[in-house]
1. First measure r as the distance between the Cβ atoms of I16 and E81, then evaluate 1/(1 + (r/R0)^6) with R0 = 22 Å and state the FRET efficiency to the nearest 0.05.
2. Aspartates and glutamates within cross-link reach of K211: Cα-Cα under 17 Å, excluding same-chain residues under 8 positions apart?
3. List the lysines whose Cα lies under 22 Å from the Cα of K326, skipping any in the same chain that are fewer than 8 positions away.
4. Hey, how much of the P(r) for the range 3-157 falls beyond 26 Å, as a percent of Cα pairs?
5. Compare the peptides 149-157, 28-36 by average per-residue count of other Cβ atoms within 10 angstrom and give them in order, highest first.
6. Please enumerate, by chain and number, the lysines with C-alpha under 21 Å from the C-alpha of K24, excluding those fewer than 8 residues away in the same chain.
7. Between E41 and D93, what is the label-point separation in nm under the 7 Å Cα-to-beta-carbon projection?
8. About its Cα centre, how strong a charge dipole does the range 105-200 have in debye, to the nearest 20, once Lys and Arg get +1 and Asp and Glu get -1 at the Cβ?
Amino acid sequence: MDEVAARLEADKQNAIYLTDFRDKLIHSTTVFANIAHKNAEQCPRTAYLHTGMLTASAGDFRADQRDAARKIFGSASLHAEANEPFVYWVLPDSPAAKAGIEVGDRIVAVGGSSVGPDEKASEHLGTLLRQHGRADHAVTFTLVRGGTPMAVDITPENTCDYAFSVRRSDRVNAFADGSGVAVTTGMLRFVGSEDELALVLGHELAHNTLKHRSAIVQNGVTGGLLGATGALFATGPVGAVIGVGLAIQGATMGVEANSQGFESEADYIGAYYAARAGYNVDDAADLLRRFAVLDPGAIDLRGTSHPSTALRFLALEQTGGEIRDKRLAGAPLLPNPRPGVR
Ligand SMILES: [Zn+2]
């Protein structure tokens, strides 16, 4: 075997994989961050964490992928020894975008406290932001950009404080565990549009804000669809969105609310979350028909853990109409106190 050729090919495949994963992270965290931020007023748990920059650090990746990750997630100008968190995406029109933050910026300190260049740098960054973020308060970020140190003031905005992470799995699934939301790469391939993804993430966020998980734990039902040990990408919180909260390392995200009532409620409230963030719920209902193709057993009108996909489709159409009427009337996009379809 030609060892040099083998190593080059392995590098190439790592780069292809990391690029694909980075793009999936950017796409999904952008939608989730948008929903979490635009629904801050509706969430029982909020914090001034929304900066709009997505960060990762070398410690989030497997050792043999770190060099490639710095280049692909950050920029070619990042030093190989850079272990501080670096910015891999900036949401348009976000506080970070307005402050001029760029992809590849290395974050050295927040509010004067060092982030610390070690395996847990991403986690430290989240903790510091949590300490310093408050209403209308600019936080000073100490950065290194292309070798040049600089200080930039960012005013984080309020957001629903739930972690978001992406799991590498072919299962078409998404999860909520009360403190975080996770989505599989299988689901990200399955959804046909941002509107559909927003509906899925809105649904999971609703499970959290409605505290379905704790209700289920009290009922003693903790069925895990992916299994509690389903691995997060690499070693952990690459999916962490600074601005939404840290991804939960090793947490048990594989829990869905196994109750038809909860599912209907999450569909209804989640559709409003998506709509309030500007997504089109009407066009996304088709997702339910494609779920049915994926899992024809779910069409059965008696339902299983979730209500029948047929009933969910009809309910979602009705919710879409309700939201449309409110938009046309210029009324606030707030769910009705008693959902019409449960
Ligand atoms: Zn659900």
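1. Values: r = 25 Å, r/R0 = 1.12.
With R0 = 22 Å, the Cβ-Cβ based efficiency is 0.35.
2. Within the straight-line cut-off, K211 pairs with E41, D161, D177, E256, E263, E265, D267.
3. K38
4. On the way: 3205 of 11935 pairs.
Of the Cα pairs, 27 percent sit more than 26 Å apart.
5. Most protected by this proxy first, the peptides run 28-36, 149-157.
6. Qualifying lysines at Cα under 21 Å: K12, K71.
7. About 1.6 nm, to one decimal.
8. Details: 9 positive and 13 negative charges, 59 e Å.
The calculation lands at about 280 debye.
Read-outs throughout are calculated quantities, based only on the coordinates presented, and are distinct from any laboratory measurement. From a predicted model like this one, the values you see are computed outputs, not experimental measurements. All Cβ positions, even for glycine, are placed from backbone atoms using ideal geometry, and neighbour counts span all protein chains on display.
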